[in-house]
Each structure stands twice: as structure tokens, then as C-alpha cells.
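Below: one structure, written as C-alpha cells.
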Amino acid sequence: MKRIAIQGKVGSFHDIAAHEYFKDEQLQLLCCSTFEEVFDSVRRDPTAIAMLAIENTIAGSLLHNYDLLRESEITVVGEQRLHIQHCICCLPDDDWDTVTEVHSHPVALMQCRSFLAQHSGIRAVEAEDTAGAAEEITLQKSHGCAAICSSSAARQYGMRILEDSIEDNKHNFTRFLVACHPQKADYLRPLEKADKASIVFSLPHEEGSLSKVLTILSFYDINLTKIQSLPVIGHEWEYLFYVDVTFNNLTRYRQAIDAITPLVKSIKILGEYKES
């Protein structure tokens, strides 16, 4: 049985992503309130595996999780893309005419903004988690309150689905990363099958420093699929670059990393894994 640390409750999108990635396997969920708790769980228990949302097609990158990955000792071993669909649900004896509040995570509320605008009489209330909002309403028997969450969470907590697929954008996807202690990495991901890597590096404040790195990656046939820059706190005009690359030759990829290393101030490989 695999122990998976997630942010959120049973029925959350992290839960769904974990079960999609580890299909047909027995999982024990370690439900955490924050992403910091997720990293602490893996740090305390080397057998635990983290499932982390890293970017959404609407909300963008979760920048804080990039920093947590960089500062941690865990390594990325996989990724999972999940189609995000929201429903609005309430207690079984509530209905549209009795619901006055809807509770959910701020990102979920934002992703259902048009739907909520059409129901202006319902007040939006922020919660820590989508599934957690459904659980809390059920436990507290909060009549008049609805939750925006996955239909899986609604069923998990015995709630009545008033309407499904209420998200504004039907092409709403979140990418999750699977990460673990380095000693467990080869067990979860045969390195010879890796064709994607997540890397972070910093550059000197010099003209053309980034273009030199990108030129070398191109020379070695390394495809850049994502680049995200963040300022280095306390160092004016210096930036960290979080980069995702794909490759079809592990040796060429290794050669590319060796070639760019002398050009950067610091570099860390966050993980090498199979592209979803």
C-alpha cells in the first residue's frame, strides 16, 4: 500500500489525481491542510509520496510549490494531468430556494465566476479546500450552505448535486507532480524511461545570459515546454528560472545539463520523469 500525502481531504482533486496516477493500487491518503504539511509528511516519513498541484490552465502556476520543491530534498518522479470539473452540492434536504451561501477554495470560486454571477443571491465564502467545504457542511449539518467541489467529493459526503460541470472554462486542467525521497525514486520511476525534467537555475545579471542557456539546450535537441521566472529575494535584478524540458535521448539531455552548468550561478534538478 502506497502512502500519499495530499493537500486537502478525501474527494479533493489531489485525491482524484493520486488515484488516477496510481491506478488499481491500494492507497493510504495522508490528508494535509497546507502544502508545507505535505512536504513535512514526506520529510518525516521517507516511504511517503507527495502529490502536488503545480499549474492550472486558468489560474496559472502555483509559485509557492515551486519554491517548496526547490528548498526540499525530495525529487519529482512523475506527473498527472487532470480535467477539473466542479459541481455545486448541498445537504439532501436543501434545494436552490434554500441555499444562501456557497463555500469552496478561492481558486474554485474563481473558476466558477460566471456561474456564481448568474446566482447573485448566493454569497461566496472562501474555504481551505473544495472537498473540505463539502465535509464541513455535512458534519455541521449547515442548512442553507452549498459547496463547490468535485462530484466525487459530493458523493463521498452524501451531498445532493444541484448542478454539475459549472466551471466557466470546460478546458480546465491541472498538472500535478508526484515527488518522493530520492532513495525511493528509482522504485517509482525507472530512469531509463524518463523523457522530461524539471530544473531550476539562477543566472548572473549579464546581457545574454539566458539566451546562451537556451541556445545550448536547443543545440542538444532539448525541447523547452515551460519557463517561469521568479525574483531572488534580496538580490536585485537576479532571477530564478524554473524550466520544464522534454527529450528523447537521456545521454544528450545529460550532456546539455553539463554544458549549461558553467554558465549559471546555481542549478538544481527537481526531478526526471516520464511525461504524462
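The values are calculated or read from the model by the stated rules, or taken from the named source; none is laboratory data. No experiment lies behind these values; they were computed from the predicted model shown. Backbone-built Cβ (ideal geometry, glycine too); neighbour counts: all protein chains shown.
Miscellaneous remarks
- Any hit, segment 127-150, residues being surrounded by fewer than 16 Cβ atoms within 10 Å (Cβ to Cβ), of a type in the set (D, E, K, R) and modelled with pLDDT of 95 or more: yes
- Per-region count, segment 4-47, residues touching an Asp or Glu at 6+ places or on another chain (Cβ under 7 Å) and within 18 Å of VAL76 (Cβ to Cβ): 1
- Just one residue in the set MET110, MET51 is closer than 30 Å to ILE233 by Cβ, under 21 Å from the mean Cα position of the chain (by Cα) and part of a strand (DSSP E or B); that residue is MET51.
- Pairs where the first residue, in segment 210-237, is surrounded by 12 or more Cβ atoms within 10 Å (Cβ to Cβ) and assigned to a strand (DSSP E or B) and the second is of a type in the set (A, V, I, L, M) and modelled with pLDDT of 90 or more, C-beta under 6 Å, 6+ apart: LEU224/VAL245; ILE227/VAL243; LEU230/LEU240
- Qualifying residue in segment 76-90 (condition: without any contact (Cβ under 8 Å) to a residue 60 or more places away in the chain, outside the structural domain of VAL232 (by TED's automatic domain parsing) and either touching a strand residue (DSSP E or B) at 6+ places or on another chain (Cβ under 8 Å) or not charged (D, E, K, R) (or both)): no
- Of the residues making up segment 251-275, those that are farther than 23 Å from SER72 by Cα, surrounded by fewer than 18 Cβ atoms within 10 Å (Cβ to Cβ) and of a type outside the set (D, E, K, R) are THR251, GLN255, ALA259, PRO262, LEU263.
- Verdict on ALA146 being closer than 16 Å to GLY8 by Cα, touching a residue at least 40 places away in the same chain (Cβ under 8 Å), in contact with a strand residue (DSSP E or B) (Cβ under 7 Å, 6 or more places away or on another chain) and of a type in the set (A, V, I, L, M, F, W, C): no
- Looking across segment 89-108, just one residue is at pLDDT 95 or above and closer than 20 Å to THR174 by Cα, and that is SER104.
- Some residue of segment 20-28 being free of Cβ contacts under 8 Å to residues at least 12 places away in the same chain, farther than 19 Å from GLN183 by Cα and surrounded by fewer than 17 Cβ atoms within 10 Å (Cβ to Cβ): yes
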